[in-house]
């Protein structure tokens, strides 16, 4: 999620430099409910110290309003066709 959040912020910056403004948050789809809860809830910080900077990058992007994470079940992930072996 952190790498995708950085990529989305970069694309938004490139578009802004070209004069295309995108004022609404960009959707970031994730199939891990744990990752979504950790990125949105700072209370989990004590139990997730091993995550490090990635959690803070995503949380900062959410607070700034750059991204809006959404839960998508694994069965609906279209990218899985390209990243996982088919049965």
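The table below lists the values:
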| quantity | calculated |
| --- | --- |
| Hits in the range 71-87 - residues which are modelled with pLDDT of 75 or more and in contact with a helix residue (DSSP H, G or I) (Cβ under 8 Å, 6 or more places away or on another chain) | 71 |
| Selection count, the range 31-54, where residues are closer than 15 Å to residue 4 by Cβ and either in a loop (DSSP other than H, G, I, E, B) or at pLDDT 75 or above (or both) | 2 |
| Restricting the range 1-25 to residues that are over 9 Å from the mean Cα position of the chain (by Cα) and not in a helix (DSSP H, G or I), the residue that is modelled with the lowest pLDDT | 22 |
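The values are calculated or read from the model by the stated rules, or taken from the named source; none is laboratory data. Note that the structure is a prediction, hence the values are computed from the model and not measured. All Cβ positions, glycine included, derive from the backbone under ideal geometry; neighbour counts span all protein chains shown.
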